[in-house]
Amino acid sequence: MARRGAVTGTVALVAAAALGLTACGGGGGDGGGGDVTSIRVLDYYNNEPDRTVYAQTLDACGQQAGVTIEREVVPGDSLVAKVLQQASSRTLPDVLMLDNPDLQQIAQTGALAPISDFGLSADGFQEGVRDASTFEGDVYGLQPVANSLGLFYNVDMLAEAGIAPPTTWDELKAAAAALTQGERYGVAFSAVADYEGAWQFLPFMWTNGGDEANIASPETAEALQLWVDLVNSGSASRSVLNWKQADVKDQFAAGNAAMMVNGPWQFPALDEVEGLNYEVVPIPVPQAGDTVVAPLGGETWTIPQTGDPDRQAKAAEIVACLNTDENQIALATQRTTVPTKTALRDQFVAQVPRMTAFTDVVQSARARTGKLGPEWPAAATRIYTGVQTAITGGAAPLPALQQAQDG
């Protein structure tokens with residue numbers, strides 16, 4: 001995620017549909033055996049600039065591999081349903097892109113091939129990236145770029161108030177209070193009752209030592225108390241309960257919030273706002289010297305079990321091509337994301353200084369499924385349920401989290 005937080009609950013159905021896939025012909029086009037001349041690709045990059053960026057990159061990789069790319073693009077919230085339909089009809093694509101928290105659910109069904117079957121590995125990739133594409137010890141995808149969350153701030157508003165960008169929770173509360181005046185709130189974030197709300201809370205929860213396996217802990221409650229205090233003090237709008245990340249961006253762009261929690265995918269829209277002078281720093285941490293632990297967003301590219309070894313081998317060439325050093329840098333630059341190979345960090349920051357904060361955050365970012373695997377969606381639901389209960393005043397943070405944990 002980042003742009004998308006939806007995670008489906010169709011694992012059982014996908015598993016049922018995937019039975020026997022390893023014995024079926026995959027993807028149409030060339031059929032089994034013989035020279036492979038085309039490769040079918042499925043992804044959800046249906047908005048610009050992503051749609052065109054990936055079209056050009058995939059076509060170049062196809063040309064290098066000697067195949068034509070037959071690409072299908074669907075809306076993000078329908079991708080897993082599409083995979084289910086294709087698994088049922090035995091028409092899975094040769095290359096399948098998945099939002100990284102969805103990978104383990106699909107790998108669990110047997111519909112994906114381990115990348116080691118094709119001589120690929122995730123050596124040199126950031127640890128959280130490897131974790132996100134790993135299921136039961138096998139890596140099932142390679143993710144060329146990643147994103148996460150940072151604290152955007154209005155440079156002019158903070159300068160006028162004589163406030164430095166906050167680095168700790170105490171500084172965040174003080175800055176947000178000082179910047180709140182009239183119709184303007186000091187800070188905005190998304191506490192909406194869906195996966196975006198859980199995603200935005202994770203940097204605060206994880207950095208403070210919270211555990212998604214049991215959210216009813218003092219550490220998670222302390223993080224949630226920070227959000228409750230920001231809302232109850234008037235430093236953040238109560239509307240955070242209903243704001244998606246795009247809404248948070250709109251409030252910041254309109255000058256209704258001096259700071260916001262959001263991701264680098266908002267750069268293009270913010271850059272179009274006349275007179276908006278903004279910068280980004282890492283999410284503030286509980287105490288000075290702490291390392292922020294944020295969730296890892298982005299998409300991974302996989303090789304489905306189509307039953308056609310020749311097509312799978314060619315698909316592996318496409319996945320490998322998408323993850324070359326050159327393409328990681330190019331995709332990160334064009335899409336305001338971060339290369340996932342750790343050795344590329346310094347080169348990328350030198351070329352795109354505005355991504356420094358996000359590049360730093362990604363180095364310690366965690367995969368949402370890294371600990372709970374396919375059980376992550378249930379944990380995310382508990383997280384945003386507890387957040388909503390506490391901010392609405394239904395219960396204090398710890399009891400609210402306990403209620404959510406108990407379900």
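Within segment 110-130, restricting attention to residues that are among the charged types (D, E, K, R) and assigned to a helix (DSSP H, G or I), which residue is nearest to Ala294 (Cα to Cα)?
The first filter runs over segment 110-130 and keeps only residues among the charged types (D, E, K, R), leaving 117, 123, 127, 130.
Remaining after also requiring assigned to a helix (DSSP H, G or I): 117, 127, 130.
Numbers: Asp117: 31, Glu127: 13, Arg130: 16 Å.
So, considering only residues that are among the charged types (D, E, K, R) and assigned to a helix (DSSP H, G or I), the one nearest to Ala294 (Cα to Cα) is Glu127.
Would you confirm whether or not segment 97-109 contains a residue that is farther than 30 Å from Ser78 by Cβ and not in a helix (DSSP H, G or I)?
no
Would you confirm, using the coordinates I've provided, whether Trp243 is in a helix (DSSP H, G or I) and either touching a Cys at 6+ places or on another chain (Cβ under 6 Å) or in the same structural domain as Glu219 (by TED's automatic domain parsing) (or both)?
Values: in a helix (DSSP H, G or I): no; either touching a Cys at 6+ places or on another chain (Cβ under 6 Å) or in the same structural domain as Glu219 (by TED's automatic domain parsing) (or both): yes.
In short, no.
Restricting to segment 215-232, give me the number of residues that are touching a helix residue (DSSP H, G or I) at 6+ places or on another chain (Cβ under 6 Å) and not hydrophobic (A, V, I, L, M, F, W, C).
2
A quick yes/no check of all residues on (1) assigned to a helix (DSSP H, G or I); (2) within 20 Å of the chain's Cα centre (by Cα); (3) surrounded by fewer than 21 Cβ atoms within 10 Å (Cβ to Cβ):
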{"residue": "Ala343", "(1), (2), (3)": "yes, no, yes"}
{"residue": "Pro374", "(1), (2), (3)": "yes, yes, yes"}
{"residue": "Thr381", "(1), (2), (3)": "yes, yes, yes"}
{"residue": "Ala390", "(1), (2), (3)": "yes, no, no"}
{"residue": "Ala400", "(1), (2), (3)": "yes, no, no"}
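Would segment 132-153 turn up any residue that is surrounded by fewer than 19 Cβ atoms within 10 Å (Cβ to Cβ) and more than 22 Å from the chain's Cα centre (by Cα)?
The answer is no; no qualifying residue exists.
Just checking, how many residues over segment 253-273 are farther than 24 Å from Ala332 by Cα and touching a Pro at 6+ places or on another chain (Cβ under 9 Å)?
Initial filter on segment 253-273 (farther than 24 Å from Ala332 by Cα): 254-259.
If we keep only those that are touching a Pro at 6+ places or on another chain (Cβ under 9 Å) as well, we get 259.
Going through segment 253-273 one residue at a time, the tally reaches 1.
Using beta carbons and a limit of 8 Å, which pairs, at least six apart or on different chains, have the first residue in segment 72-99 and farther than 11 Å from Asp43 by Cβ and at pLDDT 95 or above and the second one assigned to a strand (DSSP E or B) and among the basic types (Lys, Arg)?
Once the first residue is farther than 11 Å from Asp43 by Cβ and at pLDDT 95 or above and sits in segment 72-99, its partners that are assigned to a strand (DSSP E or B) and among the basic types (Lys, Arg) give Asp94/Arg40.
Among the residues of segment 204-240, write down those that are among the small types (Gly, Ala, Ser), surrounded by fewer than 18 Cβ atoms within 10 Å (Cβ to Cβ) and assigned to a loop (DSSP other than H, G, I, E, B).
Gly209, Ala213, Ser233, Gly234
Among the residues of segment 47-81, how many are outside any helix (DSSP H, G or I) and either surrounded by 15 or more Cβ atoms within 10 Å (Cβ to Cβ) or among the β-branched types (Val, Ile, Thr) (or both)? Don't jump to the end; show me each part of the working.
Filtering segment 47-81 down to residues outside any helix (DSSP H, G or I) leaves 47-49, 66-75.
Still in the list and also either surrounded by 15 or more Cβ atoms within 10 Å (Cβ to Cβ) or among the β-branched types (Val, Ile, Thr) (or both): 67-71, 73-74.
Selection size over segment 47-81: 7.
Six or more apart or on different chains, Cβ under 7 Å: which pairs go from a residue in segment 143-171 that's within 30 Å of Thr302 (Cβ to Cβ) to one that's of a type in the set (Phe, Trp, Tyr) and buried (at least 23 other Cβ atoms within 10 Å of the Cβ)? Could you list them?
Asn147/Phe358; Ser148/Phe358; Gly150/Phe358
Please give the number of the condition Asp131 fails out of (1) assigned by TED's automatic domain parsing to the domain that holds Ala380; (2) in contact with a Lys or Arg (Cβ under 9 Å, 6 or more places away or on another chain).
(1)
Can we say Pro339 is modelled with pLDDT under 95 and on the phi < 0 side of the Ramachandran plot?
Judged against the criteria, Pro339 is not a match.
The values are calculated or read from the model by the stated rules, or taken from the named source; none is laboratory data. Quantities reported herein were computed from a predicted structural model and do not represent experimental measurements. Don't worry about glycine lacking a Cβ; one is built from the backbone with ideal geometry, like all the others, and counts go over all protein chains shown.
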